[in-house]
Amino acid sequence: MSWFEDDLEVPNEEPSWVKIGPLDRFVVNRTRVVFVGVTKVAVLRRPEGFFAFKNSCPHAGGSLGLGDIAGTIVSCPRHDWRFDIADGRCLDNAIYELRRYTVEVRGDEVWVLV
């Protein structure tokens, strides 16, 4: 046993549902960035439902919540690389993938699984 094992706290690695706000705060066709713990999550409400993804571009760290949206494609405002928020793939370099989160509407509240 090492000197720190008694004090070691293992973080909960299981995803959990977190309420991110009332439904009426999410305007259709607009992205809203919310904090879930220390993670910034970009949430886009579309007529067909919600998309949620990590706000930080996996390539250059740009705020994807500020990026242009065309259909399900978000462009990083820092370098214009494009990511499909429906499946996470990067259209400009296949080694990068966008972290996505599941969203549910429960009554008049929006929840995200992180």
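Only the coordinates and a few stated rules stand behind these numbers; no lab work does. Note that the structure is predicted; figures quoted are calculated from it, not measured. Ideal geometry is used to build each Cβ from the backbone, glycine not excepted, and the neighbour counts take in all protein chains shown.
Within the stretch 56-85, the set of residues being loosely packed, with under 14 Cβ neighbours inside 10 Å and either more than 14 Å from the chain's Cα centre (by Cα) or on the phi < 0 side of the Ramachandran plot (or both) comprises ALA60, ASP68, ALA70, GLY71, HIS79, ASP80. Mind listing just one residue for me: the one in the stretch 33-55 that is in contact (Cβ under 8 Å) with a residue 12 or more places away in the chain and not in a strand (DSSP E or B) and, of those, surrounded by the fewest Cβ atoms within 10 Å (Cβ to Cβ)? If we take residues in the stretch 33-55 being in contact (Cβ under 8 Å) with a residue 12 or more places away in the chain and not in a strand (DSSP E or B), then PRO47 is surrounded by the fewest Cβ atoms within 10 Å (Cβ to Cβ).
Here the strands (runs of 3 or more DSSP E) wholly within the stretch 59-111 that include at least 2 residues being out of contact with any Leu (no Cβ under 7 Å at 6 or more places or on another chain) and among the basic types (Lys, Arg) are 100-106. Just one residue in the set ARG100, ARG82 is closer than 28 Å to GLU14 by Cα, without any contact (Cβ under 8 Å) to a residue 60 or more places away in the chain and out of contact with any His (no Cβ under 9 Å at 6 or more places or on another chain); that residue is ARG100.
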